[in-house]
Amino acid sequence: MQMTEPFAASIAAVAPVLVLAAAVELANSERKAAAALVEIGDEMERDRANGLPRPDGRAALKYLRPVMRSMWGQVIAMAWAVFGILQVAAVTISLVWLATPKAKPHTGSAIVCLVAILGGMVWLIAFPFIRSLFSPLAQASRLSRIARQWEGPERVDASPGGAADGS
């Protein structure tokens, strides 16, 4: 494989679309991370206002879960950033090659551009697919947690004079 004018022109046309997708995903990841941190702060403020003691040990894990989601989001954002940088490199290589008078076919540049474009395109398809697989699992986990909390010892019969054991 060698860098040729049609190949370089194609890279210069396709890579900016992938850069745009990466930029949008980076912005979304930042927004989600900020929302997770707001969620933690809101829950901590509610707990403090309700007079609950400062949690420690396992009780503090409820504040850690959104942080972990936020950190996973940052890992995803870094992957988007890497692919975005690769796309910018591919465009730069292609445009410089196209702008060079009497540019000769060059194998190394073509391989870098090919890897950048294919990697970006695979990630562009794989990321939404992965997100669509794990999003329902996260919601199912949340629903399961809510159901377990209802079954806990704090559940009482709502009827007047009713006891928690139903007698």
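The values are calculated or read from the model by the stated rules, or taken from the named source; none is laboratory data. Computed from a prediction, not measured in an experiment: that's the story for all the values here. Backbone-built Cβ (ideal geometry, glycine too); neighbour counts: all protein chains shown. For accessibility, only protein heavy atoms count, side chains too; no ligands or nucleic acids. Shrake-Rupley method; radii C 1.70, N 1.55, O 1.52, S 1.80 Å.
Using the Cβ atoms and a cut-off under 13 Å, what net charge is assigned to the surroundings of ALA81, where Lys and Arg are +1 and Asp and Glu are -1? Let's see the in-between values first.
Numbers: positive: none; negative: GLU25, GLU30.
Within the 13 Å Cβ shell, the charges total -2.
Which order do the peptides 83-90, 41-48 come out in when sorted by mean C-beta neighbours inside 10 angstrom, highest first?
Packing proxy ranking, top to bottom: 83-90, 41-48.
Annotation for ALA23 and GLU43: the two label points, set 7 Å from Cα along the Cα-Cβ direction, are 3.5 nm apart. Full extension of the chain between MET1 and LEU64 yields a length gain of 17.8 nm, computed as 0.36 nm times the residue separation minus the alpha carbon distance.
Among rounded, prolate and oblate, which fits region 1-107 when a ≥ b ≥ c are the square roots of the eigenvalues of its C-alpha gyration tensor, a/c under 1.5 means rounded, and a/b larger than b/c means prolate? In terms of gyration-tensor shape, prolate. Prolate is the label for region 35-98, because the ratio a/c of its alpha-carbon gyration tensor axes (a ≥ b ≥ c) is 1.5 or higher and a/b is greater than b/c. Sorted largest first by accessible area at a 1.4 angstrom probe radius, with every protein chain in place, the residues TRP123, TRP80 fall in the order TRP123, TRP80. With the highest mean first, a sort of the peptides 18-25, 99-106 on other beta-carbon atoms found within 10 angstrom per residue produces 18-25, 99-106.
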